[in-house]
1. Compare the Cα positions of Ala225, Leu285, Pro354 along the charge dipole of region 186-362 (+1 at Cβ of Lys, Arg; -1 at Cβ of Asp, Glu; about the Cα centre) and return the one farthest towards the positive end.
2. Amide H to amide H, which residues 5 or more places from Ile357 or on other chains are under 5 Å from it, using H placed in the peptide plane?
3. Compute the helix-to-body angle for 367-386: its Cα long axis versus the longest principal axis of the chain, expressed 0 to 90° and rounded to tens.
4. Which of rounded, prolate or oblate describes region 186-362 when judged by the alpha-carbon gyration tensor and an a/c cut-off of 1.5?
5. Compute the relative contact order of region 1-64 as a whole-number percentage, counting only Cα pairs closer than 8 Å that sit 6 or more residues apart in sequence.
6. Return one number: the angle in degrees, 0 to 90 and rounded to the nearest 10, between the long axis of the Cα atoms of helix 99-108 and the longest principal axis of the Cα atoms of the chain.
7. How big is the dipole moment of the chain about its Cα centre under a simple scheme where the beta carbon of each Lys and Arg is +1, that of each Asp and Glu is -1, and everything else is neutral? Debye, nearest 20, please.
8. Would you kindly derive the ³J(HN,Hα) couplings of region 188-198 from the backbone phi angles with the Karplus curve 6.51 cos²θ - 1.76 cosθ + 1.60 (θ = phi - 60°), listing them in order in whole Hz, with x for Gly and Pro?
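All of the numbers you see were taken from the coordinates with simple rules; none came from a lab. Since this is a predicted model, take the numbers as computed values, not measurements. Note that we place each Cβ from the backbone using ideal geometry, even for glycine, and neighbour counts take in every protein chain shown.
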Amino acid sequence: MIVLTLNSGSSSLKFGLYRVEGPETEALMTGETDGTELRAQDAKGSALPGTPKKAETPEATIQAIVSLLAKVGLPAPEAIGHRIVHGGPRLRAHCLIDDGVERDLDAASAISPLHAPVALAIIRLAKQAWPDVPQAACLDTAFHADLPDIARILPVAKELRNEGVQRYGFHGLSCESIVRQFGNDLPKRLIIAHLGSGASVTAVLNGRSIDTSMGLTPSGGIVMATRSGDLDPGVLIYLQRDKGYDAAALENLVDHRSGLLGVSNLSGDLRELHKVEASNAEARLAIAIFCMSAAKQIAGMIVALGGVDAIVLTGGAGEHDVIVRSTIVERLGCLGILLPGSSAKTAAGRIDAPKSICRVHVLPSLEDDQIALHTGTLAAEGNLRKAGW
């Protein structure tokens with residue numbers, strides 16, 4: 001089956017065309033846009049000729065993908081899979097999209113205003129571009145759907161919990177991809193640190209999520225690029241009561257003006273902060289706070305698991321920022337988690353020292369592969385049902 005994946009973030013869109021056969025995927029094309037420049041590569045990583053240079057709106061991006069597939073002679077998609085950050089309290093498993101699913105996703109926008117409206121817009125545009133092609137919602141929250149009560153329950157009034165105020169957890173597709181990469185070598189007690197512009201840490205016991213750092217929304221947990229992470233709720237009460245902040249102003253502060261950007265007063269991008277950290281104390285402090293925040297969350301997940309057999313660093317910073325990932329792991333040295341000196345500064349793959357109490361791996365986050373796999377399975381099952389099986 002030929003599957004098109006559409007992985008929408010709050011300000012970006014990754015896309016890919018995959019051939020899916022059973023549990024295997026083959027990328028025929030991958031690409032992304034940040035709202036301005038659009039890039040696309042073939043299966044070998046070479047830039048595709050005829051790629052439109054700009055795609056400044058979701059509409060332009062979808063049309064660019066349609067045009068690109070035709071120009072380079074790639075097959076049309078037989079199914080389309082979307083990354084959905086938050087399915088809300090009703091959608092907790094990957095599923096084919098129908099009118100009811102769209103309504104549930106629309107309702108979830110109140111909990112995930114940073115991601116849900118964008119994803120819904122992409123779904124509707126894809127339906128217009130490929131009207132007869134089945135579409136699937138692949139949920140970041142699905143991996144965490146069976147969290148035990150000790151992790152799932154938030155310490156708020158029961159009537160709020162009954163309305164769906166609970167820990168949902170995110171980056172589930174990334175976590176699924178890490179578990180799949182281990183295969184039969186999956187560690188019993190695994191910690192996955194997804195460190196990108198959004199960041200979270202998840203405790204995985206025998207392949208199942210038992211705790212995770214993000215809560216009701218993707219704004220909690222670790223300090224992130226522009227999101228605050230965990231924050232004293234009294235700060236928000238103070239800002240509302242004494243500074244006149246309304247809900248929109250609080251949301252803008254927590255999601256867009258905090259985190260690395262808020263501390264550095266410069267950028268939420270670690271790459272930009274590294275460029276000036278030697279001469280900019282606020283940039284150095286922002287990086288240090290991020291590393292400490294991640295290390296503390298990892299240490300907490302060791303408690304949740306009752307020990308640790310392996311830690312995985314993934315996501316943009318986890319995979320590529322050797323300074324940050326080494327600093328995070330060095331913070332855990334007091335627990336016996338060790339790196340082999342300076343060699344870890346450039347190493348990928350497995351990076352722990354021989355005397356470390358657990359393995360430390362650097363692995364890629366293969367969210368789009370997971371989307372393709374789930375979508376292929378769901379579309380095939382839908383075809384069987386239509387055929388009366």
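1. Pro354
2. Ile337, Leu338
3. 40
4. Cα axes put region 186-362 in the oblate bin.
5. 21
6. 20
7. On the way: 37 positive and 43 negative charges, 130 e Å.
So the magnitude is around 620 debye.
8. Residue by residue, region 188-198 yields 5, 10, 10, 10, 10, 9, 8, 10, x, 5, x Hz.
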